[in-house]
Each structure stands twice: as structure tokens, then as C-alpha cells.
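Heads up, the thing below is written out as C-alpha cells.
The values are calculated or read from the model by the stated rules, or taken from the named source; none is laboratory data. Predicted model only: the values in this text are computed from it and were never measured. Every residue, glycine as well, gets a Cβ built from its backbone with ideal geometry; the counts of neighbours run over all protein chains shown.
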Amino acid sequence: MATSSKMTNLMRLLAPGLIVLMAGVSPSHAANVESMRLWAAPDHARLVFDLSGATHANVFSLANPDRLVIDLDESHLDTDASTLPLEGSAIEAVRTGVRDGGGLRVVLELNRVVEPRHFVLPPNDQYGHRLVVDLEYPGESAVENPIDPIEAMIRDQEMMAQRSNTQAQVQAQVPGSEASPAVPAPASVEVQPAQPHPQRDIIIAIDPGHGGEDPGAIGPGGTREKDVVLDIARKLAADVNGTPGFKAVLIRDGDYYIGLRQRTQLAREQKADFFVSVHADAFTSPRPEGSSVYALSQRGATSETAQWLADSENRADLIGGVDGNLSLRDKDQVLRGVLLDLTMTATLNDSLSIGGQVLEQLGRINRLHKSRVEQAGFMVLKSPDIPSLLVEVGFISNPGEERRLRDPVHQQGLANAIFSGLRAHFERNPPPASLLAWQRDHQRRPTGNEYRIQSGDTLSSIAVRHGVPVGQLRQVNDLNGDVIRVGQVLRIPNS
Ligand SMILES: [Zn+2]
């Protein structure tokens, strides 16, 4: 103890001198490029230069043909740029060379117009000095199949109608709100009536955690969380898309990173009815195992409410509808809080209900780490208007579970369990104007299961997935051969 504090004192005495000395020796020392890493997302590509030290970069565009030039002072390349995985990115080729007068020049040959952005990052736990170059694609969505604009408009109308109902209820509940001149009567709010029963799909936003530079947890065998959760999320999306009345939006569909707030923002843009984030747990000891399901905690929600209120001027469309008809900007602060609380509480109740169903289904195929839905202040769950869950499918730090998490059959089982849980919830509580609501109102409950054929499916792959003999599948659906078409709905007999 005494020795170390003496050392610290010594350091304190020496440190300022050292800094001056070092600064005096070399104000700009060589920073070589040790490696380059590239991630291609639907709306951008990120190129990271791992550097041996801090340096200055000059980045500029050239046209005809489109190129991006990255000049690094006093640097040279210690890596092979030709091995970068360019596929799916805006980069056609990478050329490197030495500039006149020294320094490294990297030229990216581009196959499309990009908006470049660059910044440097200091060392962290995992990486040293980095130069990050983002190539953003103007007008591109970060999701693969963005929602049709007309469908988005119809859904906005429906949501506004629902919110106008909620608002009317709240105004009836808040004491004195009718008399308050600050609060306009509900009649002054013009809302287009929703389309009668468009039989819309219930949209499930599926968010595979981590990605790109962020591998998530890493198992003892080297399995990366970002990879297994993407596999499971894709299987879950196939389940969702294969079921009439449901549609999946994959928030991440590749190896790239998306900010936590952007993930819920994307779900909101895609008019999702539900958001599920898929993760794998890790612990310092190899023993813990099993699945857990999280919803947002009230405590986290409460503090987020305050922040959300502060931000609401900039994004009134969240609660008010896109064209601002129901904007709360001009309303009484108290009423605004009550409205938001109500939305938040309703959303949280849905999250907990769906979470319970998901947990029950997961418990049938996997050990449960926690036997009830846990609540915590996960950033990715902090969306006041979309019911959200975070599913930790298992412990990647447990060697046995790590192996299972890589197994496609187990991954499919986890996907099936998650979907069965949320499907059970939505069959009991179908959103207005959804196909499921229509089926309920017309007593058209499907007997057994139905499956909507997706591209790439074959009759035998569908049979295998549902554990039904091909012959029986043919018989129940009056099929003669193996010819099926995308979008066709098959009845799946109970096996
Ligand atoms: Zn995670």
C-alpha cells in the first residue's frame, strides 16, 4: 500500500514533465495503417482504419468517376487492402499508393453517389487509434424492404384514430381539463376515419443485437453473439413472414452496427406493432444458462419520460401523428405527461403480456434463467409507443449452451418459441383493422396452422420445418405435384 502510494506521488511529480518532453520531440509522428475493416449496411458503409497512433486525415471526393480520396500524413500501409469484403458496399475497388512528398493515399472507387463523413476515435478496450470513414447513401432506408408509403399512410390514420380515442378518454379523466382553456376540446381535432378493415398485417420489428464493430458477448469457443442472434432473428423473420396476417422487418440484416436509438426509430418508421431485440447473455462464470425475457422497467421508463418530453418538440410525430394534427405541443404540460404515461403504461402492459407468452414457449424448449419477465432500463426498449421485449436466448458463456446456440435446429426452436409466444398474444388481442381482428370478427379462426409460401420454399422444406409428411401436406391442400407459388397459403395439418 505504502509503496504504491509513493509510486503514485512520484508519477505525479514526473508526469507533467514527461508530457512536455514528449510533445517537444515529435508534434506529428507517423501513424501507420495496421488493418482496415469494412461493414456494408443497406444505407451506408463503414470503413475503419486501425492506426498505430493518432494522425490527421484529409478526406475529399472526386467526380467522373466517383471516388473518395483519403490522405494520411506520414503514414504507410501495413496491411493488404485488397482483401476487404467490398460486396454489397458502394466501394467498387480500393487503390493505395504513396503520395508525392510522402504519406499514404487511399482511393475508393465508388459505384454510387455517397455522402462521406469521417472522424477519429481514441483507443478503447478493444481497439487502438482509429479513423472511421462512413459512406452514407442518400435516400436509402436502413431496412431491406421498407414499408409501402400507402400502407404507412393508412396505418398512420389508424394510429391517429386510436390516439384520438385515448386522448378523449384522458381528457374525461383529468380533473378540470374540460374547463381549462389551455386544452382544446376533442372536436377540434380532425382525424380521418380509418379504412374499414384493410386486414392489414401485424408488423414485427426484429432486432438482432450488436453487429459490425460490436461483436457482443464472445463464447469460450469463439462464438460471437452478433452472429448467432442474426441467425436466430432471420429464422424468426421467416416464421413471421410465413404466417398470414404477420410481416417481419429485420432491423439489422447483415454484419454492421446500428445505434440503439436508431433501432427503435427504424421500428417506428416501419410502423411496427411490436419490437423484439434478440441477444445472448454472458457471465464471468461458465455455469449460468438458460433464456430470459426483459421488458422496460418502470423506473427506467419514468426517467426516459422526462427526457422524451424534452425531446418531444423535435419529434411531435411520435404521439401526434405525422402531419401534426394531434400535436401535443400546444397542450398543457400536465395533460401531456398524463397522455404519455398512459401510452407508456399501455405499452408496458402489452410488453409484459407478450413477454409472459414468449417465456412460456421458451420454457418448453430451453431451460429458463429467470422464470418471470424481468424489467430493466435497456436503451433499446425505451420506446414509449411500441411494445418491446429483449430476449436473451441463452448464455453464450456456458460452453454447452454456446454449442446449442450455433446449432441451426436449436436456433429454429428458439425462433419458433418466440414467435409462438407473440402470436398467442396477438391472436387474443388483435390490433384494430388487422387481418387477425377481421378473422376474429368474422369467426374465421383458421383451423390448425397456416403457412404463407415465401420465395425459396419447396414443399419438402415446408414439410420438414413443420414436421409433417409431404404426402399429408399435399392431401390437405389438394395439391397434385410439388408446384407451389410464392404468397400461396397452405394449411398445415396438426402433426
Ligand atoms: Zn447483447
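Listed values, structure above:
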| item | result |
| --- | --- |
| Residue that is modelled with the lowest pLDDT, among those in the range 141-153 that are under 22 Å from ALA40 (Cβ atoms) and surrounded by 14 or more Cβ atoms within 10 Å (Cβ to Cβ) | ASN145 |
| Close pairs from the range 456-468: first closer than 16 Å to VAL409 by Cα, partner of a type in the set (A, V, I, L, M, F, W, C) and surrounded by 18 or more Cβ atoms within 10 Å (Cβ to Cβ), Cβ under 6 Å, at least 6 apart | ALA463/LEU473; HIS466/ILE492 |
| Members of the range 114-134 that are surrounded by 12 or more Cβ atoms within 10 Å (Cβ to Cβ) and either modelled with pLDDT of 90 or more or in a strand (DSSP E or B) (or both) | VAL114, PRO116, ARG117, HIS118, VAL120, LEU121, HIS129, ARG130, LEU131, VAL132, VAL133, ASP134 |
| Test for LEU236: is it at pLDDT 90 or above, under 20 Å from HIS410 (Cβ atoms) and in contact with an Asp or Glu (Cβ under 8 Å, 6 or more places away or on another chain) | no |
| Hits in the range 274-300 - residues which are crowded, with 20+ Cβ neighbours inside 10 Å, β-branched (Val, Ile, Thr) and at pLDDT below 85 | none |
| Among (1) out of contact with any strand residue (DSSP E or B) (no Cβ under 6 Å at 6 or more places or on another chain); (2) assigned by TED's automatic domain parsing to the domain that holds GLU74, the one test that VAL114 misses | (1) |
| Top-ranked residue of the range 386-401 - restricted to ones that are in a strand (DSSP E or B), of a type in the set (A, V, I, L, M) and out of contact with any Gly (no Cβ under 7 Å at 6 or more places or on another chain), ranked as nearest to THR284 (Cα to Cα) | VAL393 |
| Index of the failed condition, THR96 passing every other in (1) modelled with pLDDT of 85 or more; (2) part of a loop (DSSP other than H, G, I, E, B); (3) of a type in the set (Ser, Thr, Tyr) | (2) |
| Check on THR223, more than 15 Å from the ligand (Cβ to nearest atom), out of contact with any Pro (no Cβ under 9 Å at 6 or more places or on another chain) and in the same structural domain as ASP407 (by TED's automatic domain parsing) | no |
| Pick from the range 256-273, criterion surrounded by fewer than 20 Cβ atoms within 10 Å (Cβ to Cβ) and at pLDDT 85 or above, ranking: nearest to GLY216 (Cα to Cα) | TYR257 |
| Test result for PRO42, closer than 22 Å to HIS210 by Cβ, in contact (Cβ under 8 Å) with a residue 40 or more places away in the chain, under 25 Å from the mean Cα position of the chain (by Cα) and exposed (fewer than 15 other Cβ atoms within 10 Å of the Cβ) | no |
| Filter result for SER383 (away from the ligand (no atom under 16 Å from the Cβ), of a type in the set (Ser, Thr, Tyr), part of a loop (DSSP other than H, G, I, E, B) and closer than 30 Å to GLN157 by Cβ) | yes |
| Residue list for the range 237-293, restricted to those being over 21 Å from ALA41 (Cα atoms), within 15 Å of the ligand (Cβ to nearest atom) and either in a strand (DSSP E or B) or of a type in the set (D, E, K, R) (or both) | ALA280, ASP281, SER291, SER292, VAL293 |
| Identity of the residue in the range 196-220, surrounded by fewer than 18 Cβ atoms within 10 Å (Cβ to Cβ) and at pLDDT below 90, that ends up farthest from the ligand (Cβ to nearest atom) | PRO196 |
| Residues satisfying the stated conditions in the range 389-411, i.e. within 12 Å of the ligand (Cβ to nearest atom) and under 23 Å from SER353 (Cα atoms) | LEU390, VAL391, GLU392, VAL393, GLY394 |
| Residue check for ALA433: touching a helix residue (DSSP H, G or I) at 6+ places or on another chain (Cβ under 6 Å), surrounded by 11 or more Cβ atoms within 10 Å (Cβ to Cβ) and within 16 Å of ILE204 (Cβ to Cβ) | no |
